[in-house]
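Down below is the structure, laid out as structure tokens.
The values are calculated or read from the model by the stated rules, or taken from the named source; none is laboratory data. What you are looking at is a predicted structure, and each value in this text was computed from that prediction instead of being measured. Cβ placement follows ideal geometry from the backbone for every residue including glycine, while neighbour counts extend to all protein chains displayed.
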Amino acid sequence: MAKDFSTMEDSNRSSNPSIHDVSDPARRQVLRGGLGLAVTGLLAPLAGCAGIGAAGGPLLGFKSVPAGTADAVRVPEGYSVQVIAAWGEPAGLSGEDHAFRFDAGNSAAQQETQLGMHHDGIHFFRHPLTPAASTAGLLVMNHEYADDGLLHTDGMKTWNAQKVRKAQAAHGVSVIEVEQKNGRWEVVRPSPWARRITAYTPMAVGGPAAGHALMRTAADPSGRRVLGTLNNCGSGITPWGTYLTCEENFIFYFRGPDQPDAHQARWGLRRGDPVGYRWHEHDERFDAARHPNEPNRFGWVVEIDPNDASSAPVKRTALGRAAHEGATVAVTKDRRAVIYMGEDARFEYIYKFVTRDAIKPAAPGLSAARANAELLDHGTLYVARFDADGKGRWLPLVHGQGPLTAANGFADQGEVLVKSRQASDLLGGTKMDRPEWIDIDRQGWVYCTLTNNSNRGGPNMPGTDPANPRANNTMGHIIRWKEAGDFDGLAFEWNHFVLPGDPKLERADAKGNVGGDAFACPDGLWTDARGVLWIQTDMSTSAMGRGDLVNLGNNAMLAADPRTGEIRRFLVGPVGCEVTGATATPDGRTMFINIQHPGESPSERSDPDNPRRFSNWPDQRPDGRPRSATVVIRKNDGGVIGT
Ligand code: FEO
Ligand code: CA
Ligand code: CA
Ligand code: CA
């Protein structure tokens, strides 16, 4: 086992000066002491809201699953699981039916037609031909990254251009057609909608940074045609039927110059070889010393039309550049779209984007996706500032406003967007504990998971602040806010929905205030049609089962009732995985989630001589290797999931 890649999930491991660093210990103590009351006080009035559950009944109707360490997916009594769409299965492209080889012997060209690795964000789109059906549809999912120790027969012992190509093909997004037959779900092959989007699929660029000097490269002097999408983590959907895939830790794919400049350094580009992928050795665009603008072409939210397999994905630069976790869309009363986004890195920011124009309806011969093809290219981006009084402000990233001027290094709006971290630093956004997924409940509260930040309060690191109240935050937290007026409001009120933790622990900052089952490191977050808030955990493999996480077993999915704050464990994943991505059929009777990196080694690179060392999920074959896959969850009585 070579290098330790174990810090790769978080793109900013260093401290940046925190403008809103509340370091006064007395004040911090007061704020901490008040949190429990604040949560209780705000939840009490919500508990009176009726009509969400089945006939207004309880939202959570299942029996809690105990924490566990089995190499299996555990769900409550009365539920069953089925695995589909594992890494390496054919995606259903016409004429490309290459079976997965358990020795990882599939070629790069075959991988390009198969499901990628490391499934993440996922959404069930209604079937284009039978939109009313809950038994057929399109699943669109992200493949966040690749474990080269599992992807190639001999791992990284040898290294060549074909391996780079295969790794690039294992990244990106899959569109697959699925249908239910006799209670079982199957991938439909071939399908005219099936598609693999990879790290070298040509895509367009929209918005103010399209064509910008910072986006131009030798291979693309136009700055408008990028090859591929990378590190696609969380996802979102739009009311006009498209999928938003989010580029997270893209910087790790690039080799840095000997002397990174201030911009490169702020984005985490380091001198010399990147941490793990070694793509630059055979694909020179990943050598930022030679192609310094190539990293600027990643870190965007990318829009994909799943109904048109020939459409080019579009990088939407108006939404800003970030180590994007997800993108969650709300709609204002006057039909403008509001996109909430978190940047998963230590001490980075929460954003929202408000479109200038209203969402247009479909018209005869014009799909909703086409009618809104430029909606996300015009609007205003804001960064969140959480103030100590439980209120907050959205600060606009608009060139010429406030400090975002040429004198401060921003020539135009395109530069503000490419350098959104630097812009947010100047504006005084609140530096958060790794913002991950965001979703919205029935009362209009917007929730964001903050997965953890063990650097909070450490030496030379920002201290705690009201929104990030725990030092050495190993457990993470879930913050929520409600906009003043509509979703485009510039002010909000906020509180903590929950401070995850384990009441069995001694350390005050790790006990938390969970009303229900203990958990840590919230990441995936999804509100279902009944209003249940599903929380998925991503305790890192290097920390799992140790320290503050000692009692919590494998990563899990829990269900929360936003009205009462009750949280109940619904699913426990196999060894070494994270649980991520959630979606359901329109009738709520089939749920799909993703299991990512089962059997991940603490170094995040598996040993090709012993691929089954930690897990052999889902196949459990003597010659197998662990594979990310989609898990289909059904209730044995055919009922709605969670009831
Ligand atoms: Fe890719 Fe922030 O999880
Ligand atoms: Ca995630
Ligand atoms: Ca995570
Ligand atoms: Ca992950």
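Does residue 574 satisfy being away from ligand 2 (no atom under 16 Å from the Cβ), crowded, with 24+ Cβ neighbours inside 10 Å and under 21 Å from the mean Cα position of the chain (by Cα)?
Yes: the conditions hold for residue 574.
Scan 586, 626, 622, 608 and give me the residue that is in contact (Cβ under 8 Å) with a residue 12 or more places away in the chain, surrounded by fewer than 24 Cβ atoms within 10 Å (Cβ to Cβ) and more than 27 Å from residue 448 (Cβ to Cβ).
Result of the check over 586, 626, 622, 608: 608.
Out of all the residues in the range 269-283, which are closer than 20 Å to residue 9 by Cα, out of contact with any Lys or Arg (no Cβ under 8 Å at 6 or more places or on another chain) and surrounded by 14 or more Cβ atoms within 10 Å (Cβ to Cβ)?
Selection gives 269, 270, 277, 278, 279.
Taking interchain pairs and intrachain pairs at least six residues apart, which have beta carbon atoms under 7 angstrom, with the first residue in the range 226-244 and of a type in the set (Ser, Thr, Tyr) and the second not in a strand (DSSP E or B)?
So the pair list comes out as 229/199; 229/313; 235/326; 242/305; 242/369; 243/306.
List pairs: first residue in the range 256-278 and under 25 Å from residue 605 (Cβ atoms), second residue among the basic types (Lys, Arg) and buried (at least 21 other Cβ atoms within 10 Å of the Cβ) anywhere in the structure, Cβ distance under 8 angstrom, at least six positions apart or on different chains.
The qualifying pairs are 267/421; 272/255; 273/255; 274/255; 276/605.
Could you list all residues from the range 65-85 that are within 19 Å of residue 589 (Cα to Cα), surrounded by fewer than 16 Cβ atoms within 10 Å (Cβ to Cβ) and not acidic (Asp, Glu)?
Listed by number, the residues that qualify are 78, 80.
Taking the criterion of being surrounded by fewer than 21 Cβ atoms within 10 Å (Cβ to Cβ) and either more than 29 Å from residue 162 (Cα to Cα) or aliphatic (A, V, I, L, M) (or both), would at least one residue in the range 244-259 satisfy it?
Yes, because at least one residue in the range 244-259 is surrounded by fewer than 21 Cβ atoms within 10 Å (Cβ to Cβ) and either more than 29 Å from residue 162 (Cα to Cα) or aliphatic (A, V, I, L, M) (or both).
Are there any pairs, at least 6 apart or on different chains, whose C-beta atoms fall under 7 Å, with the first in the range 526-548 and within 13 Å of ligand 4 (Cβ to nearest atom) and assigned to a helix (DSSP H, G or I) and the second aromatic (Phe, Trp, Tyr) and modelled with pLDDT of 95 or more, and if so, which?
Listed pairs, sorted by first residue: none to list.
For the range 261-271, does any single residue satisfy the condition of being within 30 Å of residue 129 (Cβ to Cβ), polar (S, T, N, Q), at pLDDT 95 or above and outside any loop (DSSP other than H, G, I, E, B)? Full working, then the answer.
Just the residues of the range 261-271 that are within 30 Å of residue 129 (Cβ to Cβ), to begin with: none.
Checked the range 261-271: no residue is within 30 Å of residue 129 (Cβ to Cβ), polar (S, T, N, Q), at pLDDT 95 or above and outside any loop (DSSP other than H, G, I, E, B).
Determine, yes or no, whether residue 598 is modelled with pLDDT under 95, within 16 Å of ligand 3 (Cβ to nearest atom) and not aromatic (Phe, Trp, Tyr).
Values: modelled with pLDDT under 95: no; within 16 Å of ligand 3 (Cβ to nearest atom): yes; not aromatic (Phe, Trp, Tyr): yes.
For residue 598, the condition - modelled with pLDDT under 95, within 16 Å of ligand 3 (Cβ to nearest atom) and not aromatic (Phe, Trp, Tyr) - is not met.
The rows are residues; the columns are (1) more than 13 Å from residue 278 (Cβ to Cβ); (2) without any contact (Cβ under 8 Å) to a residue 24 or more places away in the chain.
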position	(1), (2)
105	yes, no
116	yes, no
122	yes, no
130	yes, yes
140	yes, no
143	yes, no
149	no, no
159	no, no
166	no, no
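For the range 480-488, indicate whether the set of residues that are farther than 26 Å from residue 331 by Cα, at pLDDT 95 or above and surrounded by 23 or more Cβ atoms within 10 Å (Cβ to Cβ) is non-empty.
no
Of all residues in the range 562-601, count the ones that are within 16 Å of ligand 1 (Cβ to nearest atom) and among the aliphatic types (A, V, I, L, M).
Number of matching residues: 4.
Here are some residues: 143, 212, 152. Which one is within 16 Å of ligand 4 (Cβ to nearest atom) and crowded, with 22+ Cβ neighbours inside 10 Å?
Of 143, 212, 152, the one residue that is within 16 Å of ligand 4 (Cβ to nearest atom) and crowded, with 22+ Cβ neighbours inside 10 Å is 143.
Just to be sure I understand, how many residues within the range 404-427 are part of a loop (DSSP other than H, G, I, E, B) and of a type in the set (A, V, I, L, M, F, W, C)? Lay out the reasoning, then the answer.
Narrowing the range 404-427 to residues part of a loop (DSSP other than H, G, I, E, B): 404-405, 409-412, 419.
Right, trim to of a type in the set (A, V, I, L, M, F, W, C) and you get 404, 410-411.
Here the count works out to 3.
I'd like the full set of residues that are β-branched (Val, Ile, Thr), under 28 Å from residue 404 (Cα atoms) and surrounded by 24 or more Cβ atoms within 10 Å (Cβ to Cβ), limited to the range 431-463.
Of everything in the range 431-463, just one residue is β-branched (Val, Ile, Thr), under 28 Å from residue 404 (Cα atoms) and surrounded by 24 or more Cβ atoms within 10 Å (Cβ to Cβ), namely 438.
The rows are residues; the columns are (1) under 23 Å from residue 369 (Cβ atoms); (2) surrounded by 19 or more Cβ atoms within 10 Å (Cβ to Cβ); (3) touching a Gly at 6+ places or on another chain (Cβ under 7 Å).
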residue	(1), (2), (3)
87	no, yes, yes
98	no, no, no
123	yes, yes, no
129	yes, no, no
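Kindly list, by first and then second residue, each pair from a residue in the range 371-391 that is assigned to a strand (DSSP E or B) and surrounded by fewer than 17 Cβ atoms within 10 Å (Cβ to Cβ) to a residue that is of a type in the set (Gly, Ala, Ser) and modelled with pLDDT of 95 or more, limited to pairs with Cβ atoms under 7 Å and residues at least 6 apart or on different chains.
Final answer for the pair search is 391/491.
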